[in-house]
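One structure is given below, encoded as structure tokens.
The values are calculated or read from the model by the stated rules, or taken from the named source; none is laboratory data. If you're wondering where the values come from, they're calculated on a predicted model, not measured in any experiment. Cβ atoms come from the backbone with ideal geometry, glycine included; neighbour counts cover every protein chain shown. We work out accessible area using only protein heavy atoms, side chains counted, and drop any ligands, DNA or RNA first. Shrake-Rupley method; radii C 1.70, N 1.55, O 1.52, S 1.80 Å.
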Amino acid sequence: MIRYDKLWHTMKERGISQYDLYHRFHISRSQIHRLRKNENVQVNTLDRLCNILNCELLDVATHFPDDNVF
């Protein structure tokens, strides 16, 4: 399972709000909603977030082992 709890902390540290993501950086509301719910998001969105926040992927997402195998 991928969780985006670190994203909100990193955003707070950088002074960037969800409003900023939508209005200044044009991250879609649906992607923001999916991030809040720890649902699947596009890799492009994660790349954009890292560029916006000037951070590494580990500052945005955390992997937790689960039984989701193919």
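Read through the labelled values [x] 26; [y] 38; [z] 22 and report the label of the one computed as percent of Cα pairs over 20 Å apart from the structure. Of the listed options [x] 26; [y] 38; [z] 22, [z] comes from this structure. Solvent-accessible area assigned to carbon and sulfur over the chain amounts to 51 percent, based on a 1.4 Å probe.
Assuming charge only on the beta carbon of Lys and Arg (+1) and of Asp and Glu (-1), the dipole of the chain about its Cα centre is about 340 debye to the nearest 20. Here's the picture: charge each Lys and Arg Cβ at +1 and each Asp and Glu Cβ at -1 in the chain, and of Asn68, Asn54, Ser17 the one pushed furthest to the positive end of that dipole is Ser17. How far is helix 43-53 tilted, in degrees, relative to the longest principal axis of the Cα atoms in the chain, given as a value from 0 to 90 rounded to the nearest 10? Rounded to the nearest ten degrees, it is 40. In the full protein context, the chain carries 73 Å² of accessible surface per residue, based on a 1.4 Å probe and ignoring ligands, DNA and RNA.
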